[in-house]
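The values are calculated or read from the model by the stated rules, or taken from the named source; none is laboratory data. These numbers were taken from a predicted model, which means no experiment stands behind them. All Cβ positions, glycine included, derive from the backbone under ideal geometry; neighbour counts span all protein chains shown.
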Amino acid sequence: MSTQRYRTVGFVLGLGLLSTLLFLAGNHSLPLSHASNPGSAGSVAGTTTIPTTVPAAVQAPAAGFTDVAQRVTPAVVNIVTVMTEKIADGAASPDGLRDRMDEFFGQPFGPRRGPQGPGFPNPWEPRGPRGGQGSGVIISSDGYILTNHHVIDRAREVIVTLPDKREFKGRIVGTDPKTDLAVVKIDAQNLPTIPWGDAAKLQVGEYVLAVGNPFGLNSTVTLGIVSAVGRGHMGITQYEDFIQTDAAINPGNSGGALVNTRGELVGINTAIFSQSGGYQGVGFAISTTMAKPVYESLVKTGTVVRGYLGVGIQDLNQDLAKSFRLTDSRGALVNEVKEGSPADHAGLQQGDVILEYQGTPVEDAVVLQRLVTRTPVGAKVSVKIFRDGRERELTITIGEQPDQAKVARVETAERDVALAGAVVQDLDRETARELGLTGKTQGVVVTDVEPDSSAQKAGLLPGDVIKEINRRPVRSVKDFEKLSSEVKKGENVLILITRRGASLFLSATV
């Protein structure tokens, strides 16, 4: 068959297929048609048109998000700080921008190869003033701006530039390093603002926009979705409630706005996870659920007042849950109760598992931490706990967190520890003093962990003090040997230790 004949057959078949499609289209609406408006003149009489419009909740505007961008960008400012470098005598200085940016963003300015290596100036050379740069969000029309603590940390001068190029000298109203938030005030009136949004209503998959000044590129807007909400255990700040997003966040975005599609502020852009120092699709913004009360407290008093229980808490794992006779690993395990604290006065005990706080389920230690710190001082709260195989209700009067207290110090028992392989000795006064322990601490100190033992693989470290085995006190090596010998093979053992001054429960199957 000739080439011409192939072409003729193909043409005929093509016409036949096209005719079939036209026939079908005349009798059935195509499910993805954009010309299927109700009552359209193009509809065939006697047929039913299947709606094809994407639900409004997930449909992007025809013009993108231009309206939202135009409304929010005037209220996102550029913040430049002037700091003084450290000099040879090691005196304290406001130079912290690179340290902070490296901490939160990796090393965008080049890798460090030692204090005198490439990418880092010689620390023995006196250096003059140096600047840092970040973003901020205008919250009130009279000039109060919310930003990150690390943007203005140790700055001796703060310059705020608005998108209309007006420049103001900023005054630091207050900072809160524990959440990495700060408030700056400029002398201006009738400024554009971004209204507060309800971050608690954010849903995974929802569109969000990040607005800031990455690398000094003012009024940059990037689009992404909410990848996750309520992120904790990140190790970025002491108190964490992060929104995870894939909207591009880069150095200079710190302190900028994360807004929803209604143009409402739902987060303050703070950090990224990156192996390159640049954007890799994983960014974090402080939820306004946490940021708003911090802002209001800083504006009103210049400080942040937090609720205080006076406990050390940790997450549960399956083995710990089994040891405490729980059916699952939800809740926050109390590993320490500070003497004289609100928790102590209410009767909370070491080994209690907090299941609910004011009727709200406590999924883990971070959730409890958030709930406690947001509770007004003096409030009476109901707490449901699990103790000795049954649930109980306690009422606790929330106190004010002392300056140095760690109300919800979270210790995570990610790895279970067996007793085999641990070498211990009695804890004498000298050893206790070296470990920074009080005279009341009793137990045996781990002096060595055998290589390749289950203790080493699980993470038991020299310097740990074993205080209890299966809720029975360990006061000496003799107690340790007796109690550990009573644990049969295959049984679960619960161990209470002190590590670097903090109590921690560990559980293992022998």
| Does any residue of region 269-279 turn out to be among the aliphatic types (A, V, I, L, M) and surrounded by fewer than 20 Cβ atoms within 10 Å (Cβ to Cβ)? | no
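Yes or no, residue by residue, for (1) under 18 Å from Thr73 (Cα atoms); (2) surrounded by 23 or more Cβ atoms within 10 Å (Cβ to Cβ); (3) of a type outside the set (D, E, K, R):
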| position | (1), (2), (3) |
| --- | --- |
| Phe168 | yes, no, yes |
| Asp180 | no, yes, no |
| Gln189 | yes, no, yes |
| Val204 | no, no, yes |
| Asn218 | yes, no, yes |
| Val226 | no, yes, yes |
| Gly232 | no, no, yes |
| Thr245 | no, yes, yes |
| said: Between a residue in region 347-362 that is farther than 10 Å from Arg392 by Cα and touching a residue at least 60 places away in the same chain (Cβ under 8 Å) and any residue that is assigned to a strand (DSSP E or B) and among the basic types (Lys, Arg), which pairs come within a Cβ distance under 8 Å, given they are 6 or more apart or on different chains? | reply: Gly351/Arg387
| remark: Across (1) at pLDDT below 90; (2) in contact with a Leu (Cβ under 7 Å, 6 or more places away or on another chain); (3) closer than 28 Å to Thr509 by Cβ, Val407 clears everything bar (3)
| Selection status of Leu146, of a type in the set (A, V, I, L, M) and touching a residue at least 40 places away in the same chain (Cβ under 8 Å) | yes
| query | Any residue in region 216-233 that is at pLDDT below 95, among the basic types (Lys, Arg) and closer than 12 Å to Ala285 by Cα? | reply | yes
| Exclusive hit being modelled with pLDDT under 70 and hydrophobic (A, V, I, L, M, F, W, C), set Ala432, Ala418 | Ala418
| query | Does region 472-498 hold any residues that are surrounded by 14 or more Cβ atoms within 10 Å (Cβ to Cβ) and over 17 Å from Gln425 (Cβ atoms), and which are they? | reply | Val487, Asn492, Val493, Leu494, Leu496
| request: Go through region 252-266 residue by residue and tally those that are in a strand (DSSP E or B) and either closer than 13 Å to Val76 by Cα or out of contact with any helix residue (DSSP H, G or I) (no Cβ under 8 Å at 6 or more places or on another chain) (or both). | output: 4
